[in-house]
Amino acid sequence: MIDETLKIELLKELEKAGNILIACQKVGISRATFYRWKETDKDFKKKATRAERLGRESSNDIAEYGLLKGAKEGKIEHIKYLLSHNSKRYKPNKSDKVIIEHRSGPKASEEPKQTIEDFIDIMTSRNEEEAAEMRVKYEKMGPLPLKSDGTPISNEEIGMYEGFIIEYFKKKKAEDGS
């Protein structure tokens, strides 16, 4: 049966990266089909849940390898991340406390306080600026590589693909120099 063959292929793809969209695209089905199968086939649901977990573990291993490799190569952002997440000595001293103040309106002598929405807007704007700067930096080296599914890397994704982009240009430079 075609569905059973596709299900098996889908589960194999899901085990590779743990990403439903990518696995569905690789075998040529929609996400809706995946979720319908998961809803109507208990055996498939069990296998899909396991495949997602295994795929995510694999992706995490790959990401950790990249992080450790970057630290070994002296990349300061990788080193900072590892230290701040694995050593109490370098962990940022941040408070998780949130203070919520309710008042009927601002007092005439008080400046309005920044809201969480204001903060999110500021951080989003900074992230977009950083992404645009990264794109300009890498495009000076040549056209950016495409993602594994053949689509271009968007500004929102550029930080996530930075290691891949760097490796791509290193490889390209090595090939051009040969």
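Just a few scattered comments:
- Test: residue in segment 16-23 that is of a type in the set (Lys, Arg) and within 25 Å of Gly163 (Cβ to Cβ): yes
- Output for segment 1-35, where each listed residue is more than 18 Å from Lys46 (Cα to Cα) and of a type in the set (Asp, Glu): none
- Tally of residues being in a loop (DSSP other than H, G, I, E, B) and either within 20 Å of Gly66 (Cα to Cα) or not hydroxyl-bearing (Ser, Thr, Tyr) (or both) across segment 129-168: 20
- Count of residues meeting criterion [open to solvent by less than 60 Å² (accessible area, probe 1.4 Å) and within 15 Å of Phe169 (Cα to Cα)] in segment 140-155: 5
- Taken together, the residues in segment 55-75 that are in contact (Cβ under 8 Å) with a residue 12 or more places away in the chain and closer than 18 Å to Glu13 by Cα amount to 5.
- Those helices (runs of 4 or more DSSP H) of segment 1-82 in which at least 3 residues are open to solvent by 40 Å² or more (accessible area, probe 1.4 Å), out of contact with any strand residue (DSSP E or B) (no Cβ under 8 Å at 6 or more places or on another chain) and over 21 Å from Thr151 (Cα atoms), considering only elements entirely within it, cover 2-17, 31-40, 42-72.
The values are calculated or read from the model by the stated rules, or taken from the named source; none is laboratory data. Predicted model only: the values in this text are computed from it and were never measured. Virtual Cβ from ideal backbone geometry, glycine too; neighbours counted across all protein chains shown. Ligands, DNA and RNA are excluded from the accessible area calculation, which covers all protein heavy atoms including side chains. Shrake-Rupley method; radii C 1.70, N 1.55, O 1.52, S 1.80 Å.
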